[in-house]
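Let me begin by presenting the structure, written as structure tokens, before commenting on it.
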Amino acid sequence: MKIITVLSIVSLFITHAQSWNGILIDGLNGTQLFTPAERHSTVANLNYNLPHKFASVGVFYNGQAYFIGGKNDSDYSADVLVFNPETMTTSSAPSMLCERAQHSGTVFNDRILICGGQNDTARMSVCEVYSSMHHNWSIVTPLPAVNMEFSMATLHDRPYSFGGYRGGVNCGASRAVYTLHENKWVQRASLPNPTRSHATIALDYGRVLLCGGWSLKGITFIN
């Protein structure tokens, strides 16, 4: 399972093939590693050369943790850094085509999909995908509207978009399904409550769990 938080930190469940698994957390306050098997031990102030950015995105892709975009003091970023849990080292990958923060992303069909967010120019609906086969990013069909502080997850091999913020009001009463074959977004049933800045995880048995954020009342399961 991969956890993505969209507001201030990136939190990813990662597995080391030889000895451990845990949750790697990176944000403005540095890097931490939480290992449940070791009496719920948390180690802070780790130096893995991760970006420590605000409102970036993390995904687990091909056995490695990708930290994508975000913002530091005043600059929006398109940078992509890759943490390898086997070697405990970080390297660079090709940058996104658009600088952005408060965006969201997910992995599907052996690609990373990144959508929405904002940068110095405007709030965004732009989506782009990264393929390790081609080792580059390309623009794909945008979201139906600009969106930020939303979440994404892959369910039944399809990316979903949940909630978010367009400016002024919540836009949480929507859920969109993206199919690359048809190259379009399809509107689905609305969330029970509008929400933004929440956390989302795709569960193994075909449901998505939403929790936290603004306006979400309790925990929501999406089948």
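Taking T106 as the residue in question, decide whether it is touching a residue at least 60 places away in the same chain (Cβ under 8 Å) and assigned to a strand (DSSP E or B). Judged against the criteria, T106 is a match. Of all the listed residues (G58, G63, G70), the sole one being among the small types (G, A, S) and farther than 18 Å from E99 by Cβ is G63.
Could you identify the single residue in N119, N109 that is more than 18 Å from R158 (Cα to Cα) and surrounded by 14 or more Cβ atoms within 10 Å (Cβ to Cβ)?
Values: N109 fails: more than 18 Å from R158 (Cα to Cα).
Unique residue meeting the criteria: N119.
Looking at region 61-103, which of the residues that are in a loop (DSSP other than H, G, I, E, B) and of a type in the set (G, A, S) is surrounded by the fewest Cβ atoms within 10 Å (Cβ to Cβ)? For region 61-103, the residue satisfying everything is S74. Candidates in region 117-128 are the residues that are assigned to a loop (DSSP other than H, G, I, E, B) and in contact (Cβ under 8 Å) with a residue 40 or more places away in the chain; of these, the one that is nearest to Y165 (Cα to Cα) is G117.
One line per residue, one yes/no per condition, for (1) farther than 18 Å from T106 by Cα; (2) outside any loop (DSSP other than H, G, I, E, B); (3) at pLDDT 75 or above:
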site: V177; (1), (2), (3): no, yes, no
site: H181; (1), (2), (3): no, no, no
site: I201; (1), (2), (3): no, yes, yes
site: L210; (1), (2), (3): no, yes, yes
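Within region 1-55, the set of residues being at pLDDT 80 or above and part of a loop (DSSP other than H, G, I, E, B) comprises L28, N29, N47, Y48, N49, L50, P51, H52, K53, A55.
Residue count for region 129-155, restricted to those that are touching a residue at least 60 places away in the same chain (Cβ under 8 Å) and assigned to a loop (DSSP other than H, G, I, E, B): 3.
The values are calculated or read from the model by the stated rules, or taken from the named source; none is laboratory data. On a predicted model such as this, the values are computed, not experimentally measured, just so you know. Cβ coordinates were reconstructed from backbone atoms using ideal geometry, including for glycine residues, and neighbour counts include every protein chain displayed.
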